[in-house]
Amino acid sequence: MKPNLVLAFCLGASAIHAQQTNEVGALKRQLQEATEKFDRALQEHRKIIDDLNRRLEQVQAAQTNGRDRSLVTPGATNMVETDQSRLTSAGKGLRVGTQGAYMDIGLVGTFAAGTSTASDVEGGTQLGGHDPNQRGFTVQGVEATFSGAVDPYFRGMANVLFSIDAGGESFLELEEAYLETISLPGNLQVRGGQFLTEFGRHNPTHPHAWAFVDTPLVNARFLGPDGLRNPGARLSWLMPVPFYSEFSLAAQNSHGETAASFRSTGHVHDEETEDEVPFAFRHADNDRGLKHIDDLLFAPRYAVSFDVSDTQTLLLGASAAFGPNSRGGDDGGDTDTQIYGLDFTWKWKPARHHAGFPFVMWQTEAMWRKYDVGEFNWAEEEDGQIIDAGTGAPALLPGETLNDYGFYTQLLYGFKPRWIAGLRFDYVKGNQGDYERLDLTLNGEPLGRDLGRAERWRLSPNLTWFPTEFSKLRLQYNYDDRKSIGEDHSVWLQFEFILGAHAAHKF
Amino acid sequence: MAALALAAQSAIGKINVVATTADFAAIAREIGGDKVQVTALAKPTEDPHFIDAKPGFIAMLNRADVLIEGGAALEHGWLQPLLQGARNPKISGTAPGHVHGNDGINMLGVPTSVDRSRGDIHAEGNPHYLIDPMNAKIVAANIAEAFSKAEPKSYEIYRANLKAFQEKIDARMLEWQKQMAPHKGASLVAYHDSWPYFAERFGLKIEMFLEPKPGIPPTPSHVASLVQKMREQKVRVILVDAYVNRRQADSVASKTGAVTVPVSHFPGGVKGTEGGYIQLVDYLVNSISQALAGAK
């Protein structure tokens, strides 16, 4: 606007010069032009004054707000990059720190109350580490989330979860804590630290964002009660095509309690109780460290998404996880696990929606696990309790490949603002292994099928009410059918609150 | 695929602009003219606070030269994960290609203290500022600045377009003020507190809402007290945003003899506003002044 001011003064000056000429016609013409120009300049002037008044008001308002706001002048380059208000504008939650040093802090508390006809709720009907774990009340998890930009190159986040198991023991888990690049060239992104493996849809999701009270059976069996997560690094590439198409590859440690199908015992909180039958009827041996690169866990994923219409979106993904497992047998030989997964998500949301409702979302994940086990001789164990009833001697289990598969499919219907009705069907099954065909006993009791791999299914209708985005009440019924154990009924009421920053949800 | 290829081809040589909502997109088109290719993420009929973070948006943002967001937590529920996935330094938080529409706006409704027991309050003030045409002039300037930085060659064009847009607003403003002048001080009801800037500009009072608190749906007791207040104060006009279920507004209207006026903040949100920002304000001023005139 400043050049206009100058222009206005020049115009005034040129009008004065015009008076010195003698030709009347030219004088009139010039006078007319000058008058027009003067009027225009006057209008511009008025606008400048208006704008200046406006800006003055803003500055005064900003000062009374104690803010240092940058003001925009057309064409000027006075954008203040370190505008604190811009930092605070990123979130409406709790943000602590002074200028240039800040982070978002949020807390999510998730609890459940309910009952079940099953006596073995924890690890029995409910396989997930953050599922309701007993009749009565359960602290499913209290998650604290810390996040923010580290510097112009990295963004950091940490998620710490506190929970209490059925025995009343407290657990503090580092769910995630990682660094992620903000702008690498070539559409690449690198993440490093402790993180949930990007396998399918459910595994990378934190408990408070689940649509059901509990973890799907197939996830709990194959990827572990607490989900597959470990220290590692992940590289992802967003392909330069006009639709969403992303490939990622993670390398993580394959040992630790949160690598269930790999070098872990696969138990909730890594505890194997006295009378518990271990997976594949043999002890896990995971005290071996990292000897070569093959000892790491590798997890590739490809995901692609399209809008199939103006109101329907489709997301398809293929995931895998490869790594050594902990059942290589007595000689400590290397055996591997391979898990493959396909996921399908379809969502419908009309062009006219209020607070995100109504919507319909259908999500399905199917997985297949190939688990090699080595030969295992119970005669070499100090506590050789598993006996071959045919010989009366400690059992000698053969080496073999165990094939398991399973899926869940869930339908969510947000039928009116703040209300969602859901229905999920779970199914898991393992092919009968050679070791299960042996006539084995534990403490005199016949073992039969491996319960960690036996067929079962579950049907779970539920209803969720969100009083606001920051609280949630959910009622769920589970009908469980476990082969060789029987049917069970469970009812859970889940309640949740969110304090402070709450990160936006992904699709 | 053919359509996509065509769209990509026509975009060659143009600045690729992504706006979160249709109102910013409309102003970006005014400023950019044929030098820009503008896409809005949210449909004009959608509730802008609750847009799905669709993966396809990540691909759009990845290719954007300029991103225009409203800021003030308008897109808080969905934009952040998209930006993280987009990995595009041109539009990262502090890059010149990331336009925060609210820069330089005098925000209304900035709470002195923030407490969620009062509902979903925005700490940075009410984010629905663009419906005041004087604010549209500031946003247009912010956009022109970003376009000039993205493509300095066309600086003169953006500047001329900005001037033309601002002059158009000024000229229309006189008309709008004239139309609204007889209704100074009139009281209206809205569903959500998204009209304070419009109210302030045109001297209206929009202080009663169907929502008892921001983001909390109408409750029977709140609606009952609202009906009573409307009867006492003879309030006869209810503004209903395009994305809101009209049933409750219609029921309140029938109990109070009021009329409901379909409104939107977004060009294309209601019929007859597809032509852009100025047409939208034309529509709002016409329909609201007519409703107020009829209610007298």
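FYI, it's all coordinate maths here, none of it is from the lab. As the structure is a prediction and not an experimental result, all values here were calculated from the model. For neighbour counting, all protein chains shown are included, and Cβ atoms are generated from backbone atoms with ideal geometry for every residue, glycine included.
Projected onto the charge dipole of the protein assembly as shown (+1 at Lys/Arg Cβ, -1 at Asp/Glu Cβ, origin at the Cα centre), which of A:G374, B:V18, B:P267 gives the Cα projection farthest towards the positive end?
Working it through, the farthest residue towards the positive pole turns out to be B:P267.
Considering every residue in A:239-248, what mean count of other chain Cβ atoms within 10 Å of its Cβ is obtained?
Details: counts 2, 3, 4, 11, 7, 9, 3, 4, 0, 0.
Averaged over the peptide's residues, the number is 4.
Take the alpha-carbon centre of segment B:250-277, take the same for segment A:150-187, and report the distance between them in whole Å.
Between the Cα centre of segment B:250-277 and that of segment A:150-187, the gap is 45 Å.
Gain in length, A:F111 to A:S471, computed as 0.36 nm per residue apart minus the alpha-carbon separation, to one decimal in nm? Mind dumping the intermediate values first?
Details: separation 360, 0.36 × 360 = 129.60 nm, distance 1.16 nm.
Residue separation times 0.36 nm, minus the Cα-Cα distance, leaves 128.4 nm.
Using only Cα atoms, locate the centre of segment B:80-116 and the centre of segment A:422-464, then give the distance between them in Å, rounded to an integer.
Taking the Cα centre of segment A:422-464 as reference, the centre of segment B:80-116 is 51 Å away.
Which residues among segment B:218-239 fall inside the zone where the amide N is under 14 Å from a point 7 Å beyond the Cα of B:R247, along Cα→Cβ?
From segment B:218-239, the list is B:218-220.
Semi-axes, largest first, in whole Å: what does sqrt of 5 times each Cα gyration tensor eigenvalue give for segment A:156-309?
30, 19, 15
What is the fewest-to-most order of A:T313, B:T94, B:T112, B:T260 by other Cβ atoms lying within 10 Å of their Cβ?
Values: A:T313 22, B:T94 15, B:T112 5, B:T260 18.
Listed from fewest to most nearby Cβ atoms, that is B:T112, B:T94, B:T260, A:T313.
Mind putting a number on the dipole of chain B about its Cα centre? Charges go on the C-beta only, +1 for Lys and Arg and -1 for Asp and Glu, and I need it in Debye to the nearest 20. Don't skip to the end; give the middle numbers.
Working: 31 positive and 29 negative charges, 101 e Å.
It comes to approximately 480 debye.
Mind checking the mean number of beta-carbon atoms from other chains within 10 Å of the Cβ atoms in B:45-54? Provide the component values of the computation, followed by the final result.
Values: counts 4, 7, 7, 0, 4, 9, 4, 10, 4, 10.
Rounded to a whole number, the mean comes out at 6.
Along each of the three principal axes of the Cα atoms of segment B:26-160, give the extent in whole Å, ordering the values from largest to smallest.
51, 35, 29
Taking the Cα centre of the protein assembly as shown as origin and charging only Cβ (+1 Lys, Arg; -1 Asp, Glu), how large is the dipole, in debye to the nearest 20?
On the way: 77 positive and 97 negative charges, 1184 e Å.
Magnitude of the dipole: close to 5680 debye.
What is the packing order of peptides A:222-231, B:184-193, taking the mean over residues of other C-beta atoms within 10 Å and listing the highest first? Walk me through the numbers on the way to the answer.
Details: A:222-231: 24.6, B:184-193: 20.2.
Per-residue Cβ counts within 10 Å, averaged per peptide and sorted highest first, yield A:222-231, B:184-193.
Taking the Kirkwood radius as the inverse of the mean 1/r across Cα pairs, report the Rg/Rh of segment A:457-499.
Details: Rg = 13.8 Å, Rh = 11.8 Å.
We get a ratio of 1.17 for segment A:457-499.
Over segment A:428-507, what lengths in whole Å, largest first, do the semi-axes of the equivalent ellipsoid take, defined as the square roots of 5 times the eigenvalues of the alpha-carbon gyration tensor?
Working: eigenvalues 326, 45, 28 Å².
So the three semi-axes of segment A:428-507 are 40, 15, 12 Å.
In debye, nearest 20: dipole of segment A:446-506 around its Cα centre with unit charges on the Cβ of K, R (+) and D, E (-)? Write out the running numbers ahead of the final one.
Working: 9 positive and 8 negative charges, 35 e Å.
Dipole magnitude for segment A:446-506 comes out near 160 debye.
Using only the alpha-carbon atoms, how far is helix B:220-233 inclined from the longest principal axis of chain B? Give it as 0 to 90 degrees, nearest 10.
Between the helix axis and the principal axis of chain B, the angle is about 70 degrees.
Which order results if B:M173, B:M230, B:M134 are arranged by neighbouring Cβ count within 10 Å, fewest first? Don't jump to the answer; show the numbers that get you there.
On the way: B:M173 15, B:M230 22, B:M134 19.
In increasing order of surrounding Cβ atoms, one gets B:M173, B:M134, B:M230.
Viscosity 1.306 mPa s, temperature 10 °C: what is the translational diffusion coefficient of the protein assembly as shown from Stokes-Einstein with a Kirkwood Rh over Cα pairs, rounded to a whole number of µm²/s? Don't skip to the end; give the middle numbers.
Working: Rh = 29.9 Å.
Rounded to a whole number, D works out at 53 µm²/s.
Could you list, bin by bin from short to long, the percent of Cα-Cα pairs of segment B:94-192 in 5 Å steps?
With 5 Å bins starting at 0, P(r) equals 2, 11, 15, 16, 18, 15, 11, 8, 4, 1, 0.
Which order, highest average first, do A:437-443, B:103-109 follow once you tally other Cβ atoms within 10 Å for each residue and take the mean per peptide? Walk me through the numbers on the way to the answer.
Details: A:437-443: 14.6, B:103-109: 21.3.
Result, highest mean Cβ count within 10 Å first: B:103-109, A:437-443.
So what's the Cα pair-distance distribution over segment A:134-178, bin width 10 Å, in %?
P(r) over segment A:134-178, rounded to whole percents: 26, 37, 22, 12, 4.
Efficiency by 1/(1 + (r/R0)^6): what FRET value for A:R135 and A:E487, r their Cβ-Cβ distance, R0 = 22 Å, to the nearest 0.05? Can you show the working numbers first?
Numbers: r = 17 Å, r/R0 = 0.78.
Efficiency for this residue pair is about 0.80.
What's the average, rounded to a whole number, of partner chain beta-carbon atoms within 10 Å of each residue's beta-carbon in A:181-190?
Numbers: counts 1, 7, 7, 2, 2, 1, 4, 1, 4, 0.
The shielding value for this peptide is 3.
Consider a paramagnetic label point 7 Å from the Cα of A:A251 along Cα→Cβ; state which residues of segment A:286-308 have an amide N under 19 Å from it.
A:289-302, by backbone N distance to the label point.
Residue farthest toward the positive end of the dipole of segment A:389-450, with Cβ of Lys/Arg at +1 and Asp/Glu at -1: which of A:P417, A:L438, A:G448?
Value: A:P417.
Taking every pair of Cα atoms in segment B:243-296, average 1/r, invert it to obtain the Kirkwood radius, and report Rg/Rh to two decimals. Mind showing how you got there, number by number?
Numbers: Rg = 12.3 Å, Rh = 12.0 Å.
With Rh from the inverse mean 1/r over Cα pairs, Rg/Rh is 1.02.
If r is the Cβ-Cβ distance from B:A123 to B:K149 and R0 is 22 Å, what FRET efficiency results, to the nearest 0.05? Let's see the in-between values first.
Details: r = 29 Å, r/R0 = 1.30.
It comes out at approximately 0.15.
Using R₀ = 30 Å, calculate the FRET efficiency as 1/(1 + (r/R₀)^6) where r is the Cβ-Cβ separation of A:S119 and A:F425; round to 0.05.
Numbers: r = 24 Å, r/R0 = 0.81.
Plugging the Cβ-Cβ distance into 1/(1 + (r/R0)^6) gives 0.75.
Check cross-link reach from B:K168 to the lysines: straight Cα distance under 18 Å, and skip same-chain residues fewer than eight apart.
Of all the lysines, those that pass the test against B:K168 - Cα under 18 Å, at least 8 places apart if same chain - are A:K47, B:K137, B:K178.
With all distinct Cα pairs included, what does the Kirkwood hydrodynamic radius of segment B:181-296 come out to in Å, to one decimal, could you say? Mind showing how you got there, number by number?
Values: mean 1/r = 0.0701 Å⁻¹.
It works out to 14.3 Å.
Put +1 on the Cβ of each Lys and Arg and -1 on the Cβ of each Asp and Glu in segment B:30-132; which of B:N102, B:H49, B:V36 then has its Cα farthest toward the positive end of the dipole?
Projecting each Cα onto the dipole axis, the largest value belongs to B:V36.
For chain B, state the average projected area of the convex hull of the C-alpha atoms over all orientations, rounded to one decimal in nm². Provide the component values of the computation, followed by the final result.
Details: hull surface 64.1 nm².
Dividing the Cα hull surface by four gives the mean projection, 16.0 nm².
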